[in-house]
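K.L.:
Attaching a single structure in structure tokens format; questions to follow.
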């Protein structure tokens, strides 16, 4: 690599390292049901921590045999904010 490109490369690397990064979602909960989507979503919600903020909910219907369906819902959430020490919650 010619030395004339080195400052540009360093500037690009510095910009990538110092760029703000969007916070990733903390978790995903998945629920399945043979009854309906509502039941699959309720099952997924049972795995979401109390106080967590739901970011996204996605449900799919999958045929597992002739006329037999399974409903699968995935919920993406952020963990709840940590409570200050000494909090009674």
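K.L.:
Cβ-Cβ under 7 Å, sequence separation 6+ or interchain: first residue in segment 36-52 and without any contact (Cβ under 8 Å) to a residue 40 or more places away in the chain and on the phi > 0 side of the Ramachandran plot, partner surrounded by 13 or more Cβ atoms within 10 Å (Cβ to Cβ) and part of a loop (DSSP other than H, G, I, E, B). Which pairs?
P.N.:
Listed pairs, sorted by first residue: 51/80.
K.L.:
Okay, next question. Taking segment 6-50, which residues are at pLDDT below 55, in a loop (DSSP other than H, G, I, E, B) and over 20 Å from residue 78 (Cβ atoms)?
P.N.:
Across segment 6-50, the qualifying residue is only 19.
The values are calculated or read from the model by the stated rules, or taken from the named source; none is laboratory data. Just so it is clear, the structure is predicted and the values come from calculations on it, not from any experiment. Cβ coordinates were reconstructed from backbone atoms using ideal geometry, including for glycine residues, and neighbour counts include every protein chain displayed.
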